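All remarks here apply to the structure that follows.
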Amino acid sequence: MNLTLLDIQSISNDNYVAFTFFIGCMAMMAASAFFFFEMGNMEKKWRTSILVSGLITFIAAVHYYYMRDYNLATGESPTFFRYVDWLLTVPLMCVEFYLITKKAGAKIGLLWKLIAASVFMLVTGYIGEAIYPAEKQSWIWGFVSSIGYFYIVYLIWFGDVAKLADKAGPAVAKAVRTLAWFVLVGWAIYPIGYIAGTEGGLFGLKILEGVSLDVVYNIGDAINKIGFGLVIYALAQSDKELVKA
Ligand SMILES: *C/C=C(C)/C=C/C=C(C)/C=C/C1=C(C)CCCC1(C)C
């Protein structure tokens, strides 16, 4: 798709949604370049984690490239691309938790639990957003989706992930605590977008009128995907300094 002059004018003047797609795309690309290049500077044992950080932002960058075009051409939410992106990147964030707690004994079963919960959360969210968006029932799907979300929060704050992190040494424990805050607060941005973007998203009520679902999701993605990667990067970096000293 090529941009017309009209498109470009509408972006630069008042199209905040398009603006956040553009800047989101660029930020994801820059973050990917950063993680990929920094990978080689890290201790061997952290390289896979940094690689996964880069893959998360890279997959998002490619999807943002398409979402940006789609939104500009149609003025609509690129719901399909959005959920394909999440379906790939959220399980990869679960892989990050597995990788950094693996040395403390994380089992593959824990990874599957996290992935299954995230897929459940996203598929039910997609049904509410794409299949029944205008129905007063969308909140039911949002509610069901939240069960998956809270299970992930539980695993990370109190369940196996938290227990393993405590055994994994201070650097990993600190990183998992920070990531746990991302999941509790940063990920809670998404249900806000869902409530803003669906008819009756909150128990049948239409609230947050005038708030763009896409702007909320784009802010959430930038915080969570790049932020997550930077926490892993900081963990690898702190470990490196410890080895040198
Ligand atoms: C990089 C993308 C991320 C971290 C996406 C996370 C998405 C969520 C945590 C979505 C959660 C939802 C609910 C908890 C209820 C309403 C439906 C969703 C899918 C927006």
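Quick note: the coordinates plus some simple rules give every number you see, no bench work behind them. Because the structure is predicted, anything quoted here is derived from the model rather than measured. For neighbour counting, all protein chains shown are included, and Cβ atoms are generated from backbone atoms with ideal geometry for every residue, glycine included.
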Listed residues T20, T57, T79, most fluctuating in the chain (Gaussian network, C-alpha, under 10 Å) = T79
Within the set K107/K225; K45/K107; K163/K240, which residue pairs have Cα atoms separated by over 20 Å?
-> K107/K225; K163/K240
All alpha-carbon distances of segment 5-244, grouped into 5 Å bins from 0, give the whole-percent distribution 1, 7, 13, 17, 18, 16, 12, 8, 5, 2, 1, 0
Round to the nearest 10 and give me the degree value, 0 to 90, for the angle of helix 79-101's Cα axis relative to the longest principal axis of the chain.
-> 10
Using the beta-carbon distance between F80 and I108 and R0 = 30 Å, what value does 1/(1 + (r/R0)^6) give for FRET efficiency, to the nearest 0.05?
-> 0.50
Relative contact order as a percentage, the chain, C-alpha pairs under 8 Å and 6+ apart, gives 21
Could you line up S212, S138, S118 from fewest to most neighbouring Cβ atoms inside 10 Å?
-> S212, S118, S138
Folded to 0 to 90 degrees: helix 138-157 orientation relative to the chain principal axis, Cα | 10
For K103, K225, ascending order of other Cβ atoms within 10 Å (fewest first) is K103, K225
Which of W86, W181 comes first, and how do the rest follow, when ranked by fewest Cβ neighbours within 10 Å?
-> W181, W86
